[in-house]
Amino acid sequence: MNRALSLTALLVIPALAACTSQAQAALPARLSLSGVGYEAQGFNNCGPVTAKVILGYHGTVVTQAQAAKALKDDSRDVEVSTQELAAYLEEKGLKTQIRYAGTPALLRSLIAAKLPVVVQQRLKVNDNTSHFRTVYAYTADSFTASDSLLGPKLTLNTGRFTELWDYYNGEYLVAYPAAREADVKAILGRDWDERANWTRLRDEMTARTGKGTATAFDWWGLGQARLALGDNESAAQAFDRAVDIGVPLQYHWYRQGALLAWNRTGQGAKTRAIAERILSRQPGIKEIEAAVRGAGAE
């Protein structure tokens, strides 16, 4: 080895290790944000309650009823998407970012920056309900959230938290005042760029689906990432695989990626078949009705 290179390595490597250690040490071992509220939700109102909690933390007061009126078309509207939630928060003056493939380390960094994070998760193990939680506290091996169904201090160990989060491919929303944008950008790093985040999700789900233990939701995440990156044909194939393994019908209420991919690849019959089953059980879901219109007559 070149002696000069050897000397450089001896100087640089410990410095890098020290920086890493300092960055880790800078994050508190445990932290709980004050000012994160709680309210029990009305029927199918976890989205409106989440909006109320996030806005309240940042100093804007709304009621659950006001948020529901803004977020829902009528009483038949059972689903508030993350995108709808983000749009409402932005109307109220906050900036938002929605990303995927979130990690426990990232959540801890955001919370340490005094930013509660909205995650979309499975309500419970083996429950097909999609549910927003506002995460505001952590320890070395747990997270605590304000949960409109399960209470103001729902604490889950990191393993269980991640299991429920994987159901929606680590989706999260962070809302913040415009003055904090530089802080959020620094914490998200490469994931600040939306395309880079979709690329990372695609690569992670490609690795997972290459193993025999891949779940339907791993395949769904791969389809969602491919769709976002403009690869409609391979997205439709990944969604097909997810459906073949077993995606609950209710999953399509909350995420319409498969329906959109099928419509874009001339497979509207698949969309109509799924939509018919959904709308026979739960009429009036506007996203599903829109997917049917996009399916064409064929």
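For the residue pairs K95/K153; K72/K286; K72/K153, alpha carbon separations beyond 18 Å are given by K95/K153; K72/K153.
Each Lys or Arg adds one and each Asp or Glu subtracts one; over the other residues with Cβ under 11 Å from the Cβ of L89, this totals 0.
Surface exposure of the stretch 234-298, expressed per residue as accessible area with a 1.4 Å probe, stands at 45 Å². Between the stretch 147-196 and the stretch 237-298, the C-alpha centres lie 27 angstrom from each other. Please give me the summed charge of the neighbours of D218: other residues whose Cβ is under 11 Å from its Cβ, Lys and Arg +1, Asp and Glu -1. Charge balance near D218 sits at +1. As a calculated quantity, the FRET efficiency between R30 and L149 at R0 = 22 Å, using C-beta atoms, amounts to about 0.30. Relative to its Kirkwood radius, the Cα radius of gyration of the stretch 137-194 gives an Rg/Rh of 1.03.
Overall, the accessible surface of the chain at a probe of 1.4 angstrom is composed of carbon and sulfur to the extent of 53 percent. Backbone geometry of the stretch 198-207 corresponds, through the Karplus equation with coefficients 6.51, -1.76 and 1.60 at θ = phi - 60°, to 3J(HN,Hα) couplings of 4, 5, 5, 4, 4, 5, 5, 6, 4, 5 Hz, x marking Gly and Pro. Note: the stretch 236-298, Cα convex hull, 71 Å³ per residue. When the helices of the chain are scored as -39500 (n - 2.57) per DSSP H run of n ≥ 4 and the total is divided over every residue, the value at 222 nm lands at -16500 deg cm²/dmol. Please report the net charge: other residues with Cβ closer than 14 Å to the Cβ of R195, K and R +1, D and E -1. With Lys, Arg at +1 and Asp, Glu at -1, the net is 0.
What the phi angles of the stretch 182-191 give under the Karplus curve with 6.51, -1.76 and 1.60, with θ = phi - 60°, is a coupling list of 4, 5, 5, 4, 5, 5, 6, x, 4, 6 Hz, glycine and proline written as x.
Annotation: average projected area of the stretch 187-298 is 7.6 square nanometres, based on the convex hull of Cα atoms across all directions.
Protection proxy ranking for 29-41, 178-190, 137-149, 73-85, using the average of other Cβ atoms within 10 Å per residue and placing the highest first: 137-149, 73-85, 29-41, 178-190.
The values are calculated or read from the model by the stated rules, or taken from the named source; none is laboratory data. Just so we're clear, the structure is a prediction, and the values are computed from it rather than from any experiment. Because the Cβ atoms are built from the backbone with ideal geometry, glycine has one as well, and the counts that use them run over all protein chains shown. What goes into the accessible areas is simple: the full protein's heavy atoms, side chains included, and nothing from ligands, DNA or RNA. Shrake-Rupley method; radii C 1.70, N 1.55, O 1.52, S 1.80 Å.
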